Amino acid sequence: MWKSRGLRGSAFEELIDLTNSLYCQKGLAVIQKIPTPITPVEVDNKARTITSAYFEKKSTVDFIGAAQGLAICFDAKETRQLSLPLRNIHAHQIEFMENFHAQKGLSFILVHFQVKNEVFLLPGENLAEYYRASLKGGRKSIPYSAFERDYIVPNRNGFPVHYLVAVNAWLGKGGK
């Protein structure tokens, strides 16, 4: 099996994929996972697996689509700490999310805190503020305490990562 730091959190992403499939079935949203383009270097033909590869180009975000007339893009991050290390966020992702936002789309990240078994939505503009502060010598992570309880993502009504609940809470507070 090919191992890469870029594939951490894939179980979390699979739960989001399942949620997205359910959203589509219920007519709530059409959100797709964006595959990261890779170029295989070594392949085990017998096992039919890629054993070595490299990323062709920088990816943007993990998911993109539309929900009830709103364009949405987001990334999924996981942490075993009580903070989200900003080294896991890249300048090209911030730029993409800001450009998406400029086109009136919603951009955010979903953060799974493994130690709390909780998922939060963090609006893209908040993420960008933390990111820029870190580049100017500020904190290099976003503490758990900085995540708004109103934007917690429940496992509810058969949706394992029911992030539209948090999106609605964000929009209800004037987010966009």
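With a Förster radius of 45 Å, plug the Cβ-Cβ distance of residue 46 and residue 87 into 1/(1 + (r/R0)^6) and report the FRET value to the nearest 0.05. Working shown, then result.
Working: r = 37 Å, r/R0 = 0.82.
FRET efficiency, residue 46 to residue 87: 0.75.
State which entries of 136/173; 77/136; 77/116 exceed 19 angstrom in Cα-Cα distance in the structure shown. Intermediate results must be reported in sequence, preceding the final value.
On the way: 136/173 29 Å; 77/136 23 Å; 77/116 14 Å.
Going by Cα-Cα distance, 136/173; 77/136 fall outside the 19 Å limit.
Using a simple spin-label model with points 7 Å from Cα along the Cα→Cβ vector, what separation in nm is obtained for residue 18 and residue 155?
Taking the simple label geometry, residue 18 and residue 155 are separated by 0.8 nm.
Could you report the chain's accessible area per residue, 1.4 Å probe, as an integer in Å²? Can you show the working numbers first?
Working: 10000 Å² over 176 residues.
On a per-residue basis, 57 Å².
So if I take the alpha carbon set of the range 76-176, get Rg, then get Rh from the Kirkwood formula, what is the Rg over Rh ratio?
Working: Rg = 13.3 Å, Rh = 14.0 Å.
In the range 76-176, Rg relative to Rh is 0.96.
Can you give the relative contact order of the range 79-176 as a percent, counting alpha carbon pairs under 8 Å and 6+ residues apart?
Numbers: 130 pairs, mean separation 27.3, N = 98.
It rounds to 28 percent for the range 79-176.
Percent of accessible area on the chain owned by carbon and sulfur, 1.4 Å probe? Working shown, then result.
Numbers: 5200 of 10000 Å².
Result for the chain: 52 percent of the exposed heavy-atom area is carbon or sulfur.
If the only charges are +1 at each Lys and Arg Cβ and -1 at each Asp and Glu Cβ, what is the size of the charge dipole of the chain around the Cα centre, to the nearest 20 debye?
On the way: 22 positive and 16 negative charges, 63 e Å.
In total the dipole reaches around 300 debye.
Starting from the eigenvalues of the Cα gyration tensor, five times each then square-rooted, give me the equivalent ellipsoid semi-axes of the chain, largest first, whole Å. List each step's numbers first, then the result.
Details: eigenvalues 135, 87, 55 Å².
Each semi-axis is √(5λ); the values are 26, 21, 17 Å.
Who wins for biggest fluctuation among 60, 19, 49 in a Gaussian network model of the chain, springs between alpha carbons below 10 Å?
49
Hey, can you grab everything whose amide H is under 5 Å from the amide H of residue 71? Only 5+ residues off in sequence or another chain; H modelled, so Pro and N-termini drop out.
Amide H neighbours of residue 71, under 5 Å, 5+ apart: 106.
Among 161, 111, 43, which one shows the biggest mean-square fluctuation in a GNM of the chain, springs joining Cα atoms closer than 10 Å?
Of the options given, 43 has the highest mean-square fluctuation.
The values are calculated or read from the model by the stated rules, or taken from the named source; none is laboratory data. Source: prediction; values computed, not measured. Using ideal geometry, Cβ is built from the backbone for each residue, glycine included, and neighbour counts are taken over all protein chains shown. Side chains are part of the model used for accessible areas, which takes the heavy atoms of the whole protein and leaves out ligands, DNA and RNA. Shrake-Rupley method; radii C 1.70, N 1.55, O 1.52, S 1.80 Å.
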